[in-house]
1. Answer with yes or no whether B:Leu84 is out of contact with any strand residue (DSSP E or B) (no Cβ under 8 Å at 6 or more places or on another chain), within 14 Å of another protein chain (Cβ to nearest Cβ), crowded, with 20+ Cβ neighbours inside 10 Å and hydrophobic (A, V, I, L, M, F, W, C).
2. Go through the range B:30-74 and count every residue that is polar (S, T, N, Q) and assigned to a helix (DSSP H, G or I).
3. Considering every residue within the range B:188-197, establish whether at least one is on the phi > 0 side of the Ramachandran plot and crowded, with 19+ Cβ neighbours inside 10 Å.
4. Suppose we filter B:Leu154, B:Leu207, B:Leu168 for residues that are buried (at least 22 other Cβ atoms within 10 Å of the Cβ), under 30 Å from B:Arg302 (Cα atoms) and under 24 Å from the mean Cα position of the chain (by Cα); which single one remains?
5. If a residue must be surrounded by fewer than 21 Cβ atoms within 10 Å (Cβ to Cβ) and in contact (Cβ under 8 Å) with a residue 60 or more places away in the chain, how many such residues does the range A:135-171 contain?
6. Quick one: in the range B:268-308, of everything that is surrounded by 13 or more Cβ atoms within 10 Å (Cβ to Cβ) and hydroxyl-bearing (Ser, Thr, Tyr), which residue is farthest from the other protein chains (Cβ to nearest Cβ)?
7. Does A:Leu11 satisfy being out of contact with any helix residue (DSSP H, G or I) (no Cβ under 9 Å at 6 or more places or on another chain), exposed (fewer than 15 other Cβ atoms within 10 Å of the Cβ) and within 14 Å of chain B (Cβ to nearest Cβ)?
8. For the range A:316-341, name all the residues that are more than 15 Å from A:Tyr288 (Cα to Cα), at the interface with another protein chain (Cβ under 7 Å from one of its Cβ atoms) and in contact (Cβ under 8 Å) with a residue 60 or more places away in the chain.
Amino acid sequence: MPLFDYIPWPLRLERRQKPSAAMRIWSSPLAALAMLATGLLVFGALGKDPVAAFRVFFIEPVSSVYGIGELLLKATPLMLCALGLALCYRANVWNIGAEGQLTLGAITGGGVGLFYGAALGHWVQPAILAAGVLGGMAWAAIPAFLRSRFRTSEIFVSLMLVYIAQLLLSYLVHGPWRDPAGQNFPQSQPLPDNALLAPLLDGTRVNVGFIIALLLAGLSWWFGTATAAGFRMRVGGLAPAAAAYAGISERRNIWLALMISGGTAGLAGICEVAGPIGMLQPVVSPGYGFAAIIVAFVGRLHPLGVVLASLLMSALYLGGESAQMELQLPASVSGLFQGALLFYLLAAELFIGFRLRRVRRAPAAPPASA
Amino acid sequence: MNLATWVTIAASAVGAATPLMFAALGELVTERAGVLNLGVEGMMLVGAMSGFAVGVSSGSLWLAFVAAAMAGILIALVFGVLTLSLQTNQVATGLALTLFGVGLSAFAGRSFVGLPIRPLPALHIPLLTELPLVGPLLFHYDPLVYLSLLLCALIAWVLKRTRAGLRLRAVGESPAMAHALGEPVTRIRYLAVLFGGAMSGIAGAYLSTALTPMWTEGMSAGRGWIALALVVFGTWKPWRVLAGAYLFGTVTVLQLYAQGLGVHVPSEFLSMLPYVATIVVLVVICRDPKTILLNQPASLGRSFHSGY
């Protein structure tokens, strides 16, 4: 296959005999390296010393116990959302609304904590976590129902529901759930103390959510490789026609994928509210649900990959904050890196199935039908 | 509620519909060539930012729109290289384009936040604009509004009546067949993708220099996604996309005037309307599987490579 039809190009793509196992593992690290190189170039272009910028961005944030705690803390919602999304994408279900499901989990879990926190006593933490999971599931049930019943694209529905969930949260904290003693700030009362997830380690803020996320990663691995339901979902994603012929229910796969990913995203939401935030406020996530899409792909839709990729993405968030404070770089620089990372990854994945070959004689621009 | 208010509402609905039209018509052409570009939101934001930046720095809004179109083309080119030359998954790459566009525009546009700009002026046609009712309703918009209508007619004509349109549709329906007939499938798809990028860029610049003359991060607020949904709603036909855009423009604007109309619902719920409406119209359109099956370009979203 010629790379570009009409540009004389010394390289061409050739399909490999079989997919490269090495590239399957190395495509993500390669993409991360390419992103790093881009980052250094951007820092240089902004007139910062690239080496110093690199240190501020990647080393300093994690050079203390507190910093490592922050790394794990921010990795938690990313990991939770991305584990569910990876399962979805494997099943060819394009849930891109994890941000909305996260927001709803924050609302339902936070609501239970705010209004029933005192009554629930010892049960409050399991109760709010369960409420968060159910909230995320309920939000994901809408695209699941519309897709399986009316064939409405879950891409659009799940994305539109992000805006709706954020507006709902905004309404609640500006209106009925606003803290009367909050000096008119749009925020709820703080969650009762017994509802707050305690730090795992003194001097850090990382909480039990991270442990749950790791357990879920293990569970997801088991689900994907050792259960019939996981197998059916993968077949449904890889070969829908074959799956239908084998009697695998597409409807069931859609529901399962969206319920799992909605649940994990909802859990991510309540872990934020009952963890570092401690109350409901108009914005409960700096786009974790969207960044998790990148995490899922960079993790190559594999639980272990997702765990590693969420740590990388969390480091990008921390680096962005650190660069903002010390180098006066805008925090949005991490958004730029996230997008670039996904581009590089998609390009690198090409080399799993293809390889580059030098063309000895540069071909004269062939008719494009060549 | 008097007649003049209704005229104002109708006129602002047209304004709100115009960016949706540009973005949706661009995406329509891309999709008719068989390429699904989910990066409209990102391309719009990049267009909005670059249009605003050039408009503020140069003082010329025409330059702003040219710059926005160029920026849209450039970023669509990234999408084209990845999906058309490197055969990446179109859905994933489109999502990447949106995420990248959000980050890039926020990063590059940070020094332009909060700056004022003189918005695109409305045309003043002697006599016609001064007519009562009809004047403000039909003859008092900025030139881009008329351009979007012209563009719709042009695209409808090209797609239906010209050889170029036939080739584009052939590539979208059956790239293998078009290839066998000697059509440069990849080149045609590139052009369609770049056209979509230019239109999204213009749509973005319309947001930041005409509709709400300012630049803020993420200012498109899902309009790119609504434009994508409009293409489905319009079953890939330009005039129906136009109707859909005006419908959505009306929904968006009614929410702003709802308080004045005596509707006492918290503003957040009114702001949800366009998003809820998007879901509702998609469900209505998709309910009958034949509607989609008969109208959607048959190869939409699938990569094509010519063998080897």
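1. So B:Leu84 passes the test.
2. Of the residues in the range B:30-74, 4 are polar (S, T, N, Q) and assigned to a helix (DSSP H, G or I).
3. For the range B:188-197, residues on the phi > 0 side of the Ramachandran plot and crowded, with 19+ Cβ neighbours inside 10 Å: absent.
4. Details: B:Leu154 fails: buried (at least 22 other Cβ atoms within 10 Å of the Cβ); B:Leu207 fails: under 30 Å from B:Arg302 (Cα atoms).
Result of the check over B:Leu154, B:Leu207, B:Leu168: B:Leu168.
5. Adding up the residues that qualify gives 5.
6. Once the filter is applied, the top-ranked residue is B:Ser299.
7. Yes: the conditions hold for A:Leu11.
8. A:Val333, A:Ala340, listed by residue number.
The values are calculated or read from the model by the stated rules, or taken from the named source; none is laboratory data. Since we're looking at a predicted model, the values are computed, not measured. Every residue, glycine as well, gets a Cβ built from its backbone with ideal geometry; the counts of neighbours run over all protein chains shown.
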